[in-house]
Amino acid sequence: MEIIVVDDGSTDGTQELVVSLSSPLVLRYIRLHRVGRAKAANEGARAARGDVLLFLNGDTWADRRLVSCHARHYTGDLPVAVMGPQRTPVEALTANQFMQTRFLYSIAEAVPRRKVSPLEVGDNNLSLRAADFWAVGGFDENFEGYGWFDRDLGLRLVRHGVHLRYDPEAVADHFHIETLESVRQKMRESGRGAVYLWRKHGRSFSIGMILEIHPVLLPLKWLVYRQKLITAIVWRVLKLAERRDIRPLLTLCYTHLVWEAYYEGVFAALHREAR
């Protein structure tokens, strides 16, 4: 096994830390300069010499059994890609009011399952054979910012005949503390990426509906999320809810503002395409 650390322009001492590590495993460090998540992941995959790739993000802690759980799926010749669950430690979930509110609903999302759809494929805690990864061209580096380049990979893998699997024992801990504004920024980028994904895959009706950007939905989405009056009211209500810590109301406000940012990105991308 080899470990490859791809550092896409960090400023937190990552390079010094990696250089100081001593490990019996092959540990290699690749320094890039803000090339984006898709290209950074591809660079790591290009440097890998093994038959199977396992992608982990920089804010993820591997469980002791993570590698062995992934490895057991590659004893045969069946082309597979494997995803495992991502737990969020309590320390992250309770770090601020925004995370605490999200924690109310995170347990319901952790439902055990065995299968994964192409549009659930993520770039974190994902393994597949290098040959299959490159047979479909790796991650599409044309995706800008956060989101959807991993779902795009999932769609192409399935069309290539790769079977998607979910292993509930291949656990990783995702320790990432977010704020409303950090999530809103990611959702703006996600909205732009959703439009690119939809266009790339032939403006599919099903994909457009799943991404909630199909033209039949957009007038309603514009009315709810792009009218300034509604969002202005939500911001005012949010301040009240935060002061009094009214969790159900906080959830409604956070949800609206996150989706408002998503559709800001969607309509910006559609406007750019129209021009």
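Every read-out reported here was derived from the displayed coordinates using simple, explicitly stated rules and does not represent laboratory data. No experiment lies behind these values; they were computed from the predicted model shown. Cβ: placed from backbone, ideal geometry, glycine included. Neighbour counts: every protein chain shown.
Below are the figures for this structure:
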{"read-out": "Stokes-Einstein diffusion coefficient of the chain, Kirkwood radius over Cα pairs, 25 °C, 0.890 mPa s, in µm²/s", "value": "120 µm²/s"}
{"read-out": "Whether the range 4-132 is rounded, prolate or oblate, judged on the alpha carbon gyration tensor where a/c under 1.5 counts as rounded", "value": "oblate"}
{"read-out": "Ascending count of other beta-carbon atoms within 10 Å, so fewest first, for 68, 204", "value": "68, 204"}
{"read-out": "Gaussian network model of the chain, Cα within-10 Å springs - most flexible of 128, 119, 78", "value": "78"}
{"read-out": "Proxy reagent accessibility, fewest Cβ within 10 Å first, across 99, 1", "value": "1, 99"}
{"read-out": "Among the listed pairs 39/200; 200/228; 39/186; 186/221, those beyond 26 Å (Cα-Cα)", "value": "200/228"}
{"read-out": "0 to 90° range, to nearest 10: angle between helix 97-109 axis and the chain longest Cα axis", "value": "70 degrees"}
{"read-out": "Under 13 Å from the Cα of residue 115 - aspartates and glutamates, other chains or at least 8 residues apart", "value": "167"}
{"read-out": "Simple Cβ-charge dipole of the chain, Lys/Arg +1 and Asp/Glu -1, about Cα centre, in debye nearest 20", "value": "880 debye"}
{"read-out": "GNM result for the chain, Cα springs below 10 Å: residue of 202, 84, 44 fluctuating most strongly", "value": "202"}
{"read-out": "Relative contact order %, the range 50-174, counting alpha carbon pairs below 8 Å whose residues are six or more apart", "value": "49 percent"}
{"read-out": "Separation in nanometres of the label points that stand 7 Å from Cα toward Cβ, at residue 74 and residue 11", "value": "3.6 nm"}
{"read-out": "Sites residue 230 and residue 142 - FRET efficiency at Förster radius 35 Å, r taken between beta-carbons, to 0.05", "value": "0.60"}
{"read-out": "Separation of alpha-carbon centers, the range 42-98 and the range 221-242, rounded to whole Å", "value": "37 Å"}
